[in-house]
Every structure is written in structure tokens, then in C-alpha cells.
Amino acid sequence: MKTQLDYAKAGIVSEEMKQAAGPEAISPEDLCGLIAAGHAVIPKNRNHSFPTVLAIGKSLKTKVNANLGTSGECSDMVLEAAKLDAALNAKTDSVMDLSTGGDLPALRRFFLEKSTVMVGAVPIYTLATEMVKNNQPLEKMDGDVLLKSVEKQCREGVDYITVHCGVTLASAKKLETYERMMPCVSRGGSIHMYWMRKNRKENPLYEYYDDLLDIAHRYDVTLSLGDGFRPGTILDATDGAQLEELMILGELARRARGRGVQVMIEGPGHVPLQDIQSHIQLQKRLCDGSPFYVLGPLPTDVAAGYDHITAAIGGAIAGAAGADFLCYVTPAEHLGLPNVDDVYQGVMAARIAAHVADIAKGLPGAVDWDRRMSRCRQDLDWEGMVREALDPGLVKSRLQVTRERDACSMCGKLCAVRISREAISG
């Protein structure tokens, strides 16, 4: 069975490439070339059917992901269904199931069956959760069992998986010479680091990476190479552990493409505003232009409760610099499991950042949306403003116009648009 990358390398335009090119300002043939070069991916498991097949990468619209799923403290399928609806209503491009509580296989089946967009997962969560439930210490994790768990989830239809293959003995050793305030904030990364330290062995996902590639190729699952040593505070950004891991991920990305496996790279995290652009550019250079998937990044650590706004600021800058895929951050980040409204707000904030980035990238047609909205505002076309808004429902509920419908309640008779229009018309 061939993967999308296999087809692209052979110059064959697949049906998925035609579909993914549809909403983009790019031809299926050009998208095929980008995939062949490793600059774009189509996360689409051959065992998963869903209506909205999209591509992520260079010259494409910046995409948005919403993390969903339960925790050991809160496992409610009804709540997860409502959160999925909220994410889809907010027009997310992807969802990830990060569940660590309840019936994990049932939750994964639910997301795969009900989502209309691509679905991602972090396989290590399932195995670690099962071990905790059975009172087994994490250091007893078996590499072969981990790979079997990865294959099971891929066989079920997950479109892309986060795998922390870059958390190795070499990258972990950098923590000994670089004094971090927060050594490891990645849940998957910390599990692998703990296992390696306890067993004094190499990360099985790195040691048996070829076996992982066999699994990914079999189901055409896109590997999202996770950044286990992403900074959890702006004070730890761009240090030795992070850069060592990034160089390893670049090597692993090349090996994946050589085997016909699609791959993208995950990035931070918490990064000071002035360093975001250079970090994206460094990643692109070290990883040969692979699609870059970022969490935020957050340029300050003090905005708990408003981190969806913080992430939108960082995400817009990252996207403008070349990041291709923004993982949302909700108002609940650092505080607890997000609720339905948190999910909706997180997706909307990330979509704002993505659109701002697309304008900065100069993507054909991106600014046309703003031009249509501006024309509606100049014409005092209230219905048009609702129609063109990112969130039409919110605008419709908040819009307050005068009885004559010639101004909103902000300015009333002193509406600058109306007055200037009358002045110009004479």
C-alpha cells in the first residue's frame, strides 16, 4: 500500500491531494510537489473516512487544532461530545484526543466516528494510563508493548500521532548542563525521560524508530515528532536540551521521508516575543522545511486565565514566520481541564492568529476577506458585517444599531463613517 508521500514522489496526484487543494490557492499538482519535497502533509489514515481532508504546510492556509479528551480527574463522555461540537462549530481544522481517564478505546472510537476533521492522538498516554490503573510503575513499560499500542491506535484510524522520539539519552543529558526552571513540561516527554533514567536505556521510540516507520507507512499515519523538551517558561526558551532535541527531530524527519512516511515537527511552548521568528526559521532550516506544529507559543507566563489571548499573539507571529499548524490554547491552560466554552474560545483565538498569519504570509485571497468586511463597514451594511465576521453568531448577538439603522450605539449621531461620507458627497 502506498502513502500520500509515495504517490507524491512518483508524481501521482491522489484524490486526497485534489480534495485538500480545493480550499487553497494552489493546484493539486503543486500540492503534490510540496508533499514530495516534505514541505506539506495530508494527515489521512487509510482506515479513517471523514469529509474534510486538509493539507498542512508551505503555501497553504495556517491550520488550527483543538485538543480534547478526558483526565483521570474528569471523565465524562457527554462533556467530550459537547466539546467536540464546540470545536467543530468554531471551525477547527483538526482535533486531538488526549484522554487519560475513563474508557480510552471507547473515547478514541467516538472521536474517530463523530469528528468531521482529522483526528490525532498521543499513543503513550494510553499505555501509561493503563499502567497507572493497574498500579504498575511506569519504569516497567515495555518497548514492544508500546509499539503494539501505537499500531493498535493506527489500525483504528488515527490520522496523525505525536511521538516523542527526540527525547533521547543525548538530549536528556543536556538538562545536566543547562539549568532549567522547569526541566520538562511535556507529559509524554516526561514519561519517556523517567523511563530512560530508571532503566538506563535508550528511548524505545528512538531505538526502534524503523519499526515505528513501518507502522506509520502501513496505515499512512503522519508522524508528528513531539518536542518533549519544549520550554514551559519563557526563561527556559532556546536552550541546549531544546536545540539538541530539535536537531534529532530533523534527522528523524529525513529518515521518515526516506521511507515514504509523512512527518511534521512540533515546537514550543513558551518563547519570548522577540525570539519567536528566529526560532521558527531555525526549525525550518534544521528540519528541511518540514511543516511546523506549534503550541502557542506563549510569549509571557503571567496571563493565566487569558492564555488563549497570549497564544494568539505568539501564534500570529509564529505563523507569519512560517509555522503551519497552530495548536489552540484555551483560557483553562495551566488551570484545569477545559470546558465547552473554553474550547470554543480557544479555537476562535487560534483562528484569529492563523488568519493574521496568512495575511502576513501574503497568501492569495487572505486579505480579500478583510476587504469584504471593510466594505460592509463603510456601507453600514450590518447584515454584511454579520456574514463576513469570523464568528457571525457572536456579532449578531452583540450588534446594537440605531432605530434608523444608520449607526451603531457606540457613536449614534456622531458616526464618523456616516459624517465623512456626507462630507465627501457634498
So in segment 153-171, with the set limited to residues that are of a type in the set (A, V, I, L, M, F, W, C) and not in a helix (DSSP H, G or I), which one is farthest from Leu223 (Cα to Cα)?
Val167
Exactly one of these conditions fails for Asn47: (1) open to solvent by less than 60 Å² (accessible area, probe 1.4 Å); (2) more than 22 Å from His355 (Cα to Cα); (3) in contact with a helix residue (DSSP H, G or I) (Cβ under 7 Å, 6 or more places away or on another chain). Give me its number.
(1)
Scan segment 285-331 for residues that are without any contact (Cβ under 8 Å) to a residue 24 or more places away in the chain and open to solvent by 40 Å² or more (accessible area, probe 1.4 Å) and jot them down.
Arg285, Val302
Going through Thr92, Thr70, Thr126 one at a time, which residue ends up being β-branched (Val, Ile, Thr), within 25 Å of Gly228 (Cα to Cα) and touching a strand residue (DSSP E or B) at 6+ places or on another chain (Cβ under 7 Å)?
Thr92
Any residue in segment 155-164 that is surrounded by 15 or more Cβ atoms within 10 Å (Cβ to Cβ) and either touching a Phe, Trp or Tyr at 6+ places or on another chain (Cβ under 6 Å) or without any contact (Cβ under 8 Å) to a residue 60 or more places away in the chain (or both)?
no
Number of positions in segment 372-387 that are part of a loop (DSSP other than H, G, I, E, B) and either of a type outside the set (A, V, I, L, M) or more than 30 Å from Gln345 (Cβ to Cβ) (or both):
2
Is it the case that Val150 is surrounded by 19 or more Cβ atoms within 10 Å (Cβ to Cβ), out of contact with any strand residue (DSSP E or B) (no Cβ under 6 Å at 6 or more places or on another chain), aliphatic (A, V, I, L, M) and part of a helix (DSSP H, G or I)?
yes
Test: residue in segment 349-359 that is out of contact with any Cys (no Cβ under 7 Å at 6 or more places or on another chain), at pLDDT 95 or above, open to solvent by 20 Å² or more (accessible area, probe 1.4 Å) and acidic (Asp, Glu):
no
Helices (runs of 4 or more DSSP H) completely within segment 1-51 that count 3 or more residues being farther than 22 Å from Gly322 by Cα
4-9, 15-21
Just checking, how many residues over segment 101-137 are within 19 Å of the chain's Cα centre (by Cα) and among the hydrophobic types (A, V, I, L, M, F, W, C)?
8
Name the residue that is surrounded by the fewest Cβ atoms within 10 Å (Cβ to Cβ), counting only residues in segment 91-100 that are part of a loop (DSSP other than H, G, I, E, B) and within 15 Å of the chain's Cα centre (by Cα).
Lys91
Take the conditions touching a residue at least 24 places away in the same chain (Cβ under 8 Å), on the phi < 0 side of the Ramachandran plot and surrounded by 23 or more Cβ atoms within 10 Å (Cβ to Cβ) and apply them to Ile26. Does it pass?
no
Among the residues of segment 388-426, what is the count of those that are within 28 Å of Ala349 (Cβ to Cβ), in contact with a helix residue (DSSP H, G or I) (Cβ under 8 Å, 6 or more places away or on another chain) and of a type outside the set (A, V, I, L, M, F, W, C)?
4
For residues that are among the hydrophobic types (A, V, I, L, M, F, W, C) and in a loop (DSSP other than H, G, I, E, B), scanning just segment 388-423, find the one that is farthest from Ala86 (Cα to Cα).
Cys415
Are there any pairs, at least 6 apart or on different chains, whose C-beta atoms fall under 8 Å, with the first in segment 124-140 and closer than 15 Å to Glu73 by Cβ and the second open to solvent by 80 Å² or more (accessible area, probe 1.4 Å), and if so, which?
Tyr125/Arg187
Let me confirm something: among Ala66, Ala81, which residue is buried (at least 24 other Cβ atoms within 10 Å of the Cβ), among the small types (Gly, Ala, Ser) and out of contact with any Cys (no Cβ under 6 Å at 6 or more places or on another chain)?
Ala66
Output for Cβ contacts, cut-off 6 Å, separation at least six or different chains, first residue free of Cβ contacts under 8 Å to residues at least 60 places away in the same chain in segment 245-262, second surrounded by 14 or more Cβ atoms within 10 Å (Cβ to Cβ) and not in a helix (DSSP H, G or I), reads Gly250/Cys287; Ala256/Leu223; Ala256/Val263
Could you check Asn339 against (1) open to solvent by less than 60 Å² (accessible area, probe 1.4 Å); (2) farther than 17 Å from Lys61 by Cβ; (3) in contact (Cβ under 8 Å) with a residue 40 or more places away in the chain and say which number it fails?
(1)
So, in segment 1-23, how many residues would count as being without any contact (Cβ under 8 Å) to a residue 40 or more places away in the chain and surrounded by fewer than 16 Cβ atoms within 10 Å (Cβ to Cβ)?
7
On the given criteria, is Ala87 surrounded by fewer than 17 Cβ atoms within 10 Å (Cβ to Cβ), in contact (Cβ under 8 Å) with a residue 40 or more places away in the chain and in a helix (DSSP H, G or I)?
no
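The values are calculated or read from the model by the stated rules, or taken from the named source; none is laboratory data. Remember, it's a predicted structure, so these values are computed and weren't measured experimentally. Please note: Cβ atoms are built from the backbone with ideal geometry, for glycine as well, and neighbour counts cover all protein chains shown. Note: areas computed on protein heavy atoms with side chains; ligands, DNA, RNA excluded. Shrake-Rupley method; radii C 1.70, N 1.55, O 1.52, S 1.80 Å.
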